[in-house]
Amino acid sequence: MKKLSLLFVMALAAAASTGGNGCKPKVSARTKVAVSIFPLYDLVREVAGPDADVSLLLPPGRSEHTFDPTPKEIEEVAASKLGVMVGLGLDPWMDRLMKDAAPTARVLKVGERVPTRTVLEDAVGDEAAHKAVPEDDHDHDKGAVDPHVWMDPSRARVMVKAIGDELGRVDAAHSNDYRRRATELGARLDKLDAEIAARTAAWKTRDFITFHGSFGYFAERYKLNIVAVIEPFPGSTPTGEYLEAVLKVVAQKKVTAIFSEPQLDPRPAKTIAEASHIPLGTLDPVGGGPEVDSYEKLLRADVASLEKYMK
Ligand SMILES: [Zn+2]
């Protein structure tokens, strides 16, 4: 133990001596930022550049809806000056984490900076839901806010501006750099948006089914229709009766493929695909794995996945 701490002190001293002119050590000087989910994390690290240390809390492969932070994440958050999360009920675990571990840090909820849409809780798809549930039981005002705002690059662009502004607030010395990088990334997201708009506009099939309600903003932006959602409450297996209703929609709408998501148990999707004799693909709303290690790659991978069956 003694040996370790001596090494630590020596490392600090070495770091301090490279600071030049008797400056403070540069190691710990960078602003620390914690981010809840991968797509936001990638946007924040692009804007942060070399000026801030950004850490991701939700490990790749885990669902944003069922995550329970461990001591490792609590430690990550403790030294943060800023927490960035979606809000809108997507990542309440991040809210709790920030309050407990970094109560004085600022928290940016990007979902609150963009226009939102609502979802029906019994989302087999509007039409099917209306048939399956008596009209009296419907109250559209009770529809929850859809928190998957990042799936629309035009909204992501607005979020990126907010991220740049907020980074400049917690680290004023680099505010111009943050704003410049946010503007550059915003321009790239504009291009991505235009590219996806052009590709999706050429698709003959407009209807698709998603695994959980994660593609609502994407579909709305590119004028596609989500005719059913297999698992409306992510992490809780749909009933046989519900899956029967989804099967009917598949047949009625001549749906061309079913998609599972890497973060959730694919079995209900496999069941539907097998029963309807249509292919099973993958759509990823979160990313972070080796092939989708940036926000832009994630969106392009999803477009490519859909394109296989909708072109
Ligand atoms: Zn989700």
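The values are calculated or read from the model by the stated rules, or taken from the named source; none is laboratory data. None of these values were measured; they are calculated from a predicted model. Note that we place each Cβ from the backbone using ideal geometry, even for glycine, and neighbour counts take in every protein chain shown.
Tally the residues that are basic (Lys, Arg) and assigned to a loop (DSSP other than H, G, I, E, B), restricting the search to the range 171-215. Quick ask: steps written out before the conclusion?
Our first condition is that a residue be basic (Lys, Arg); within the range 171-215, this holds for 179-181, 188, 191, 199, 204, 206.
After this cut, where a residue has to be assigned to a loop (DSSP other than H, G, I, E, B) as well, the list is 204, 206.
Of the residues in that region, 2 qualify.
Could you go through the range 141-162 and let me know if any residue there is without any contact (Cβ under 8 Å) to a residue 12 or more places away in the chain, assigned by TED's automatic domain parsing to the domain that holds residue 51 and away from the ligand (no atom under 16 Å from the Cβ).
Here is the first cut: in the range 141-162, the residues without any contact (Cβ under 8 Å) to a residue 12 or more places away in the chain are 141.
Keeping just the survivors that are assigned by TED's automatic domain parsing to the domain that holds residue 51 gives none.
Within the range 141-162, not a single residue is without any contact (Cβ under 8 Å) to a residue 12 or more places away in the chain, assigned by TED's automatic domain parsing to the domain that holds residue 51 and away from the ligand (no atom under 16 Å from the Cβ).
Could you list all residues from the range 43-67 that are among the β-branched types (Val, Ile, Thr) and crowded, with 23+ Cβ neighbours inside 10 Å? Break it down into steps so the answer makes sense when it comes.
Of the range 43-67, the ones among the β-branched types (Val, Ile, Thr) are 44, 47, 54, 66.
Of everything in the range 43-67, those that are among the β-branched types (Val, Ile, Thr) and crowded, with 23+ Cβ neighbours inside 10 Å turn out to be 44, 47, 54.
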So how many residues does the range 38-68 have that are within 16 Å of the ligand (Cβ to nearest atom) and among the aliphatic types (A, V, I, L, M)?
3
Given the criterion within 16 Å of the ligand (Cβ to nearest atom), at pLDDT 95 or above, of a type in the set (A, V, I, L, M) and assigned by TED's automatic domain parsing to the domain that holds residue 271, identify the matching residue among 202, 219, 251.
219
Can you run down the residue pairs with Cβ atoms below 6 Å, 6 or more apart or on separate chains, where the first is in the range 282-309 and closer than 15 Å to residue 256 by Cβ and the partner is assigned to a loop (DSSP other than H, G, I, E, B) and among the β-branched types (Val, Ile, Thr)?
309/256
